[in-house]
Each structure stands twice: as structure tokens, then as C-alpha cells.
Amino acid sequence: MSTPPPTKSTRKRITPFPGLVPIACNFDGTGGNILGAAFCYVLGLHPKVAFKFAFKYDYPEDYDPRWKQIYQTNTLHAEEGLAREKNVYMDIAKASRWHPNLHILQPCLCVPEGIFMPPMKCNLRKRLLAARGEKDEYFPPIKLENQPPITSDKKARWVKQLIGALAWLESIGYAHGDLRPPNILLNHDDNVVLADFGSSARLGEDRITSADTYCPLNFDYASHISEQYAAGWCIYTICQGQEPEEFNLPREWRGEDIKMEQISFPSTENLQFQDIIRKCWHLQYPSIAALARDVTTEYNMRKWWYSRWWEYVQERLYILAFLLERPWQLYLMRRVYKNLQAGSDP
């Protein structure tokens, strides 16, 4: 969307709490720095607490009515997505009571004003850009220095973690609905954490889902069909090391009912999981659980038995640590919320 023309007056941005002031140039994880921005904003308030919310705006009488309508539509879209995301996180919390999946963002505290959540290091798009030494032109700016290299083993681990998270989400009856690199986060241990459930839907729900803009097939309802198509592009992006912008459909095709035979898929030769990627693109999996089994099988073929055993032990220890730390994290989020309500610093 282009920048609106100048008006005699500017709109006033309103945050849920008076003391909540976004800062785009502070990278220490605290103090209101912007960790994510689209229709909703994610602000870091504490080393262990971030807050996601939708801005509201106060418009002067002489504000351009055309742009006012556009911004009001965006605000409504953000509020609807945030409400949907709260419902998903509450269902995730119920399902995670004793059997959590560590690669789905949690724990989260849903309040009327927004969602408190653990802050992450960055998203997959920014991590891949930094690894290639390319300039990150996506807002917000986040410093990524001295990051470990992205080896083939790490790529395989990310794929396994991502598809495992999707399979777990499927097991509680949800499809993500907006699976793409900006919504795949990385924590400070460089592990995948799936987030942003504002477009999620119950399996079978009559809701249009898509696979971003690579080759945008639109699906009329949320299911393993829409999820595996998007997952195929994400696996390809991870293994290739960059997003396939060169495979976007011509702009004149946008908005049309694109058919599978119109799509010229890129080569997967010499990529990890190449057969799995092609099966995802051609919608050959009966479920995400079946996709996860194939990914796990291929992943294990690359590992010695003792490496697989050690990863299993580590995963169980991480789950135990999460279960022990979760009450403290939620307590901290409630305390930050109480401070914001009182008008003091988080």
C-alpha cells in the first residue's frame, strides 16, 4: 500500500495502555522495542515478556476520508485476527497442560487488550537474510550479529521441528492458515517456534487459506491440503536458504482461480527432503501426520542411533524444564499486565 498523501492533520495512534510507547531503534529486548509489525504489533516489555496488540487511531475531522476508511478496515482486520488468535492460544494451553509441543509459541496470557507471550530472537526470513549477508529491508529492524552458521543439519532440524509443530496443531483440530517464513520464529537457542495464529481455522472450516505469494493457490477451507502446500514452500525455503521470490506468479494472474497445471515449480534437485517437497506441492499427503512421519524417517536416516537417542533425551528434558518454568512465566506476564494497568513501567 502506498503512503497516504499529506493532510492538514495526522492521525493519533492509541495504544491499549498509556505507558506503552513503541521504540523501533532499541534492540535489547525490553523497553517497548518493536519485535514484529504487520496489522498487529509485538512489543518487547521485559527480557521474558512481549505483548501483541492492535493499534487504534483517533482521526481529526479534516483527515482524508479515503485513507481513513482504509486504516479503519485494517484495524478491524487486526482486531478480528487477534480475537481468533486468542481462541487458538487458549485451546493450545488446554492441550499443552501435560503434553506440550515446544515448537509452538507458549505459554501465552490472553487479556482483553491483547496477548502476552515469550519474546523470540527473530523470524526465519530475517535469519536467512542475515546468513547470506543481505540487507534486511523488512520492518522492524532487528540486529542479528555473530549468528551460528546454518548447516545442513540445522536445516534438517528446523524442517523436523516445523512439521512436528504442524502435526501437533492438526492433532488438536487446527490448520495454521498463514504458514510462511515471517510467521516461523526462532528462539534464542536457534530452534523453530511456530507463531501468529490470526489466520488459523478449525480443520474443515469454510475459510480461505493460502500459501503466501510464491504460487498462491487459494483453498476454500482449512485442511491438510492447504497446510501441506504451504509447508512444501517453507521446507523448500529452509533447504534452499532463501525465499523463492523468482517463482512468483505474474501479477496479472493474481486474484484469479489458479490451477495446479499453471504452476511451474522450481527444481528440488540436490536439496534435502526433495521428494517430500514435491509431494507437498502436488498435495499427495492424506494428513500432516503422514507428512511428519516421512520427515522424521528421512531425518533419522541422516543420524547415528546415539545422536537420535541424545536428541530424544534432550527433548524430554526441555519439556520438563518448560513445565516447571511455565507457572513462573505466567506469573511474570500477569505482573507486567498489572503494572501496565496501573500506568507504571512494565
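What follows draws every value from the coordinates through simple rules; no lab data is involved. Note that the structure is predicted; figures quoted are calculated from it, not measured. Here Cβ is always computed from backbone atoms with ideal geometry, including for glycine, and neighbour counts include all displayed protein chains.
Assuming R0 = 51 Å, can you tell me the calculated FRET efficiency for the pair ILE70 and TYR306, based on Cβ-Cβ distance, to the nearest 0.05?
Values: r = 58 Å, r/R0 = 1.13.
The computed FRET efficiency comes out at 0.30.
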Whether the range 47-138 is rounded, prolate or oblate, judged on the alpha carbon gyration tensor where a/c under 1.5 counts as rounded
oblate
Taking the range 72-131, which chymotrypsin sites (Phe, Trp or Tyr not before Pro) meet the DSSP loop condition and have no more than 11 other C-beta atoms within 10 Å?
TRP98
In order through the range 97-114: 3J(HN,Hα) via Karplus (6.51 cos²θ - 1.76 cosθ + 1.60), integer Hz, x for Gly, Pro
4, 10, 10, x, 10, 6, 9, 10, 4, 5, x, 10, 10, 8, 10, x, 7, x
Just tell me which lysines come within less than 26 Å, Cα to Cα, of LYS68; anything on the same chain fewer than 8 places away is out.
LYS8, LYS12, LYS52, LYS56
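Where does the charge balance sit around VAL42 when Lys and Arg score +1, Asp and Glu -1, over other residues with C-beta under 12 Å from its C-beta? Intermediate results must be reported in sequence, preceding the final value.
Values: positive: LYS52; negative: GLU85, ASP196.
In short, -1.
Just add up the charged neighbours of ARG334: K/R +1, D/E -1, any other residue whose Cβ is under 14 Å from the Cβ of ARG334.
Working: positive: LYS48, ARG326, ARG335, LYS338; negative: GLU113.
Every neighbour counted, the sum reads +3.
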Residue span GLN147 to ALA342: 0.36 nm per residue of separation minus Cα-Cα distance leaves a gain in nm of 66.3 nm
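Full-extension gain between ASP294 and ALA131, please, as 0.36 nm times their residue separation minus the C-alpha to C-alpha distance. Provide the component values of the computation, followed by the final result.
Numbers: separation 163, 0.36 × 163 = 58.68 nm, distance 2.77 nm.
Gain on extension, ASP294 to ALA131, equals 55.9 nm.
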Grab the beta carbon distance between TYR331 and MET90, set R0 = 25 Å, and tell me the FRET efficiency rounded to 0.05.
0.85
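So for the range 83-169, averaging the separation of alpha carbon pairs under 8 Å that are six or more residues apart and normalising by length, what relative contact order in percent results? Intermediate values should be presented prior to the final figure.
Working: 40 pairs, mean separation 21.7, N = 87.
Worked out over the range 83-169, it gives 25 percent.
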